[in-house]
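Novice: Can you keep this structure in mind? I'll have questions shortly.
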Amino acid sequence: MKRLGLAASVLVFVVGVLLAGLTLHELAHTVAARLGGDSSAHYSLYRWGEGGGCVGCNWYDPDHLSFFGNLVVTVAGVVATQSVVLALIVWGAALRRGGLPRRLALVAAGCLFLDLLLQLAQGLLAHVGSQGRMTRVDFADTLFLLHHQLGLGVGVLKAGMLVTGVLYVVVLAVVFRKRARGSPPTAAT
């Protein structure tokens with residue numbers, strides 16, 4: 001029975017972190033759009049209606065933003081979540097090994113890290129060359145803007161996005177390793 005309670009607690013924690021991460025991600029898009037000049041940009045926790053719905057929705061008009069403004073909006077969500085991932089890794093790795101706060105911090109970081117993986121996958125799978133407009137798929141739109149506004153090749157852009165993602169993972173690993181070395185060991189049993 002204890003294990004069931006623990007599993008339920010972990011599940012509630014993970015779902016809570018994912019919902020908080022989704023909210024942070026979408027709010028970052030909305031804030032970036034407002035700062036970029038779209039005063040009508042707004043966020044909804046959920047919206048249901050004709051044609052479907054969404055959970056964690058940001059609404060803005062790309063036509064109200066410059067090229068650079070749109071570019072910032074497309075990456076703002078991932079930048080926000082990955083900033084929290086980095087902070088959680090720095091904080092969590094410095095905590096006592098085996099302690100609950102460290103475990104929770106690192107589980108939360110892992111959950112939020114999924115945002116980057118999802119966005120990278122969507123960007124790599126997107127048909128950017130045939131995309132006629134922004135789709136509200138973050139990295140697909142980043143690539144779309146760079147391809148159509150600057151004339152950069154789709155293959156080069158996707159390779160650059162992948163290399164940037166891999167470099168970020170290396171940075172996270174190095175930060176964790178350096179911070180973890182200084183953390184106190186698990187209490188003696």
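The values are calculated or read from the model by the stated rules, or taken from the named source; none is laboratory data. This structure is a prediction, so every number in the text was calculated from the model and none was measured. Please note: Cβ atoms are built from the backbone with ideal geometry, for glycine as well, and neighbour counts cover all protein chains shown.
Novice: Is it fair to say residue 110 is in a helix (DSSP H, G or I), without any contact (Cβ under 8 Å) to a residue 60 or more places away in the chain and under 16 Å from the mean Cα position of the chain (by Cα)?
Specialist: On the way: in a helix (DSSP H, G or I): yes; without any contact (Cβ under 8 Å) to a residue 60 or more places away in the chain: yes; under 16 Å from the mean Cα position of the chain (by Cα): yes.
Yes, satisfied.
Novice: Within the bounds of the range 42-52, is there any residue that is touching a helix residue (DSSP H, G or I) at 6+ places or on another chain (Cβ under 9 Å), closer than 29 Å to residue 108 by Cα, modelled with pLDDT under 95 and among the polar types (S, T, N, Q)?
Specialist: The first filter runs over the range 42-52 and keeps only residues touching a helix residue (DSSP H, G or I) at 6+ places or on another chain (Cβ under 9 Å), leaving 42-45.
Pick out the ones that are also closer than 29 Å to residue 108 by Cα and you get 42-45.
With modelled with pLDDT under 95 added as a condition, the list becomes 42-45.
In the following step, the residues that additionally are among the polar types (S, T, N, Q) were identified as 44.
Within the range 42-52, one or more residues are touching a helix residue (DSSP H, G or I) at 6+ places or on another chain (Cβ under 9 Å), closer than 29 Å to residue 108 by Cα, modelled with pLDDT under 95 and among the polar types (S, T, N, Q).
Novice: Which of the numbered conditions does residue 67 fail, given that it passes all the others? Conditions: (1) modelled with pLDDT of 90 or more; (2) crowded, with 20+ Cβ neighbours inside 10 Å.
Specialist: Here residue 67 meets the rest and fails (2).
Novice: Would you pick out the residues in the range 88-107 that are in a helix (DSSP H, G or I) and either in contact with a Pro (Cβ under 6 Å, 6 or more places away or on another chain) or modelled with pLDDT under 85 (or both)? Break it down into steps so the answer makes sense when it comes.
Specialist: First pass over the range 88-107, keeping only residues in a helix (DSSP H, G or I): 88-94, 100-107.
Passing the criteria: 93, 94.
Novice: It is to be established whether one or more residues within the range 36-57 are in contact (Cβ under 8 Å) with a residue 24 or more places away in the chain, hydrophobic (A, V, I, L, M, F, W, C) and in a helix (DSSP H, G or I).
Specialist: No, that holds for no residue.
Novice: Which condition from (1) surrounded by 13 or more Cβ atoms within 10 Å (Cβ to Cβ); (2) more than 21 Å from residue 145 (Cβ to Cβ); (3) of a type in the set (Asp, Glu) is the one that residue 50 breaks?
Specialist: (1)
Novice: Can residue 143 be described as over 25 Å from residue 22 (Cα atoms), surrounded by 11 or more Cβ atoms within 10 Å (Cβ to Cβ) and touching a Leu at 6+ places or on another chain (Cβ under 6 Å)?
Specialist: Numbers: over 25 Å from residue 22 (Cα atoms): no; surrounded by 11 or more Cβ atoms within 10 Å (Cβ to Cβ): yes; touching a Leu at 6+ places or on another chain (Cβ under 6 Å): yes.
Here the answer is no, as residue 143 does not meet what is asked.
Novice: Sticking with this structure for a sec: Pairs needed: first member in the range 131-154, of a type outside the set (S, T, N, Q); second member anywhere, crowded, with 17+ Cβ neighbours inside 10 Å and not in a helix (DSSP H, G or I); C-beta distance under 6 Å; at least 6 residues apart or different chains.
Specialist: 140/126; 141/134; 144/131
Novice: Same structure, new question: Working only within the range 169-183, note down all residues that are surrounded by 11 or more Cβ atoms within 10 Å (Cβ to Cβ) and of a type in the set (Gly, Ala, Ser).
Specialist: Once the filter is applied, which keeps residues that are surrounded by 11 or more Cβ atoms within 10 Å (Cβ to Cβ) and of a type in the set (Gly, Ala, Ser), the range 169-183 yields 173, 180, 183.
Novice: Now a separate question. Take the residues in the range 3-48 that are in contact with a Phe, Trp or Tyr (Cβ under 6 Å, 6 or more places away or on another chain) and hydrophobic (A, V, I, L, M, F, W, C), then tell me which one is nearest to residue 81 (Cα to Cα). Before you say what the answer is, go through the steps one by one.
Specialist: Here is the first cut: in the range 3-48, the ones in contact with a Phe, Trp or Tyr (Cβ under 6 Å, 6 or more places away or on another chain) are 26-27, 30, 33, 38, 41-42.
Now drop any that are not hydrophobic (A, V, I, L, M, F, W, C), which leaves 27, 33, 41.
Numbers: 27: 11, 33: 17, 41: 20 Å.
Out of the qualifying residues, it is 27.
Novice: So, one more: Within the range 155-168, how many residues turn out to be surrounded by 13 or more Cβ atoms within 10 Å (Cβ to Cβ) and free of Cβ contacts under 8 Å to residues at least 12 places away in the same chain? Walk me through how you get there before you give the answer.
Specialist: Filtering the range 155-168 down to residues surrounded by 13 or more Cβ atoms within 10 Å (Cβ to Cβ) leaves 157-158, 160-162, 165, 168.
So of that shortlist, the ones also free of Cβ contacts under 8 Å to residues at least 12 places away in the same chain come out as 160.
The total comes to 1.
Novice: Assess whether residue 61 counts as being in contact with a His (Cβ under 7 Å, 6 or more places away or on another chain) and among the acidic types (Asp, Glu).
Specialist: Values: in contact with a His (Cβ under 7 Å, 6 or more places away or on another chain): no; among the acidic types (Asp, Glu): yes.
Criteria not met by residue 61.
Novice: Let me ask something else. What's the total number of residues in the range 113-163 that are assigned to a helix (DSSP H, G or I) and small (Gly, Ala, Ser)? Outline the logic, then answer.
Specialist: Kept after step one, since they are assigned to a helix (DSSP H, G or I), are these residues of the range 113-163: 113-125, 128-130, 138-150, 154-163.
Filter again for small (Gly, Ala, Ser), leaving 121, 123, 129-130, 140, 155, 159-160.
Residues meeting the conditions: 8.
Novice: Considering only the range 15-35, state which residues are β-branched (Val, Ile, Thr) and within 15 Å of residue 113 (Cα to Cα). Reasoning before the result, please.
Specialist: We begin by selecting, within the range 15-35, every residue β-branched (Val, Ile, Thr); these are 15, 17, 23, 30-31.
Passing the criteria: 15, 17, 23.
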